[in-house]
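Each remark here refers to the structure printed beneath this line.
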Amino acid sequence: MALTGRAALTALLGSLAVLASRTGAAVLIVNMLIAAALAADLLLAASVRQLTIRRSGDARIHLGQAGSTRLVVSNGGSRTLRGLVRDAWQPSACAQPPRARLTVVPGGSVSLSTRLAPQRRGDVAAGSVTVRSIGPLGLAGRQRSLAAPWTVRVLPPFGSRKHLPEKLAMLRELDGQHRSLIRGQGSEFDSLRPYVLGDDVRSIDWRSSARRADVLVRTWRPERDRRIIIVLDTGRTSAGRVSGVPRLDASMDAALLLAALAVRAGDRVDLLAVDRRVRARVVGASRLDVLAAFTSAMAVLEADLTESDIGLMASAVLGIARQRCLVVLLTDLNPAAIEQGLLPRVQLLSSRHQLLVAAVADPRLAEMAAERGDLTGVYDAAAAERARAGRAHAGALLRRHAVEIVDAPPERLPPALADAYLRLKAAGRL
C-alpha cells in the first residue's frame with residue numbers, strides 16, 4: 001500500500017478535530033473514518049498486477065546531444081488506472097521528467113516519453129519502472145515496480161567533425177587535380193605524359209618513349225588501400241585534464257577525424273586501446289562501419305591509473321600488421337615514459353612501419369612561462385620551461401628514429417593530426 005500527501009493532510013485535519021473535542025470518542029471516530037477511507041481507496045484502486053510495460057527508443061546518443069526513450073504502459077485489468085509512473089535512470093543520464101501522471105483505461109495503453117541528456121560517456125542503464133495506482137479519493141493506492149531493461153550507449157561527441165570538409169577538400173586536391181610527379185615509397189602509378197623542363201629524369205619511362213618517339217614521364221598518385229593502425233594509450237597520463245578536457249577524450253576526437261578522413265581516402269583503419277592490457281580492438285571493420293565501430297568501442301573506455309605497457313602495445317601492433325603501414329600512437333610526450341617505454345622499442349616499430357606520435361599539449365604551460373611578475377610566477381615559469389624542454393627533448397629523441405611528431409592543444413590536435421596524415425600521403429611515405 002502507498003499513502004499520498006492527501007492522506008497526511010487528512011490525518012492532520014483529524015488531529016485538529018480531536019484536539020478541539022478532547023474526548024476519547026472523538027479519537028476513535030476520527031481513526032475509524034480515516035481507516036475506512038484508506039481501505040475504500042485501496043480497494044477501489046485499479047490493480048497493478050495486470051500491467052505490462054514495453055520500452056523503446058534511442059540506443060546510442062552522442063555526448064552533448066539529447067535522445068529519448070519511450071515507455072508503453074498497458075492495462076490488462078478491468079478498472080481504469082489513474083496514478084503516477086516513475087522511470088528510474090542513473091543520475092548521469094539526466095532523465096526528464098522523472099515522474100509522470102497517467103490514466104489507462106481497461107485494455108488500453110499509454111505512451112510516455114523520457115528525455116535523456118547524458119553527462120558522461122559509457123553505458124547508461126535504465127532502472128525499474130514504478131507504477132502507483134491511486135484510488136478515487138486520492139488517499140492511498142497500490143504500487144508495483146516492474147523491470148524494463150534498456151541500455152543507452154553514450155558515444156564520444158566527435159566535435160572535430162567540423163574540420164572534415166576542409167580536410168576532404170585537401171584530399172581531393174591531393175588525389176585529383178595535383179598528381180605527384182615524383183615516385184615516393186608506397187605510391188601508385190597514374191599515367192604517362194610528355195616530359196617538360198624541370199621533371200625528374202628518374203621518372204622517364206624509356207620503353208614508352210622509344211615506342212612513341214617522344215620523351216614520356218610517369219606520374220604518380222598517393223597510394224590507396226593503405227593500412228592505418230590507431231593506438232590509444234589509456235594509461236595513467238591519459239587521465240590528466242588539459243583545458244578542462246581529459247587527454248583521452250581529446251585523443252579520441254583526433255582519432256575519429258583521422259579515421260573519417262582515411263576512410264574517404266580509401267585506406268583501411270584499425271583501432272587498438274592499450275594500457276596494461278588491450279582495452280579495445282577494432283580490426284577489419286568495413287569502411288562503412290569504421291566510425292560506428294570506433295565510437296562504440298571508445299564509448300566505454302576509461303583511463304587506467306597505471307603506467308602503460310609499451311611492450312604490449314608494440315606486440316599488439318606487430319601482431320595485426322604484417323605489411324608496412326602507418327601506426328598512429330596517441331599518447332603523452334612524457335619524457336620518462338618515452339625514454340623508458342617507447343624508445344627501447346621504437347627502432348623495431350619504425351623499421352617495419354611508419355610511426356607517428358600525437359600528443360595533447362597543455363597551452364597553460366605557455367601562459368605560466370610568461371608569468372614572471374612575482375616570486376611565485378618565477379617558480380611557475382621555471383616549472384613550465386622545464387616541462388616544455390622535457391617534451392621537446394622527448395620529441396627530438398623520437399625524430400632521430402624517423403618518427404613523426406604532432407604536439408598540439410586539444411582543440412588543434414585533430415586538424416593537426418589530419419594534416420600530418422595528408423603530408424605523409426602526399427610524400428608517398430605511407
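The values are calculated or read from the model by the stated rules, or taken from the named source; none is laboratory data. Just so it is clear, the structure is predicted and the values come from calculations on it, not from any experiment. Glycine gets a Cβ as well: all are built from the backbone with ideal geometry, and neighbour counts include every protein chain shown. Calculation scope for accessible area: heavy atoms of the full protein, side chains included, ligands and nucleic acids excluded. Shrake-Rupley method; radii C 1.70, N 1.55, O 1.52, S 1.80 Å.
Within segment 31-80, the set of residues being β-branched (Val, Ile, Thr) and touching a helix residue (DSSP H, G or I) at 6+ places or on another chain (Cβ under 9 Å) comprises Ile34 only.
Residues in segment 367-397 that are among the small types (Gly, Ala, Ser) and under 35 Å from the mean Cα position of the chain (by Cα): Ala369, Ala370, Ala381, Ala383, Ala384, Ala387, Ala389, Gly390, Ala392, Ala394, Gly395, Ala396. Candidates in segment 126-151 are the residues that are within 19 Å of Leu116 (Cβ to Cβ), hydrophobic (A, V, I, L, M, F, W, C) and in a strand (DSSP E or B); of these, the one that is farthest from the chain's Cα centre (by Cα) is Val129. Being within 29 Å of the chain's Cα centre (by Cα) and aliphatic (A, V, I, L, M) is a property that Leu355 has. Scanning segment 292-311 for residues that are farther than 10 Å from Val274 by Cα, in a helix (DSSP H, G or I) and not aromatic (Phe, Trp, Tyr) returns Ala292, Ala293, Thr295, Ser296, Ala297, Met298, Ala299, Gly311. Of the strands (runs of 3 or more DSSP E) lying entirely inside segment 208-281, those containing at least 2 residues that are within 26 Å of Lys162 (Cα to Cα) and not charged (D, E, K, R) span 227-233, 268-274.
With the condition kept exactly as written, say whether any residue in segment 218-225 is out of contact with any Ser or Thr (no Cβ under 7 Å at 6 or more places or on another chain) and either within 30 Å of Ala126 (Cα to Cα) or at pLDDT below 90 (or both). Within segment 218-225, one or more residues are out of contact with any Ser or Thr (no Cβ under 7 Å at 6 or more places or on another chain) and either within 30 Å of Ala126 (Cα to Cα) or at pLDDT below 90 (or both).
The single residue among Val30, Val18, Val110 that is outside any loop (DSSP other than H, G, I, E, B) and at pLDDT 90 or above turns out to be Val110. The residues in segment 379-418 that are among the charged types (D, E, K, R) and over 27 Å from Leu348 (Cβ atoms) can be counted, and the count is 6. If I filter segment 177-208 down to residues being open to solvent by 90 Å² or more (accessible area, probe 1.4 Å), more than 26 Å from Gln323 (Cβ to Cβ) and not hydrophobic (A, V, I, L, M, F, W, C), which single residue comes out as modelled with the highest pLDDT? That would be Arg207.
If the condition is being open to solvent by 60 Å² or more (accessible area, probe 1.4 Å) and either touching a strand residue (DSSP E or B) at 6+ places or on another chain (Cβ under 7 Å) or among the hydrophobic types (A, V, I, L, M, F, W, C) (or both), then segment 351-381 contributes Ala370, Leu375, Val378. On the given criteria, is Arg6 out of contact with any Leu (no Cβ under 6 Å at 6 or more places or on another chain) and open to solvent by 70 Å² or more (accessible area, probe 1.4 Å)? No.
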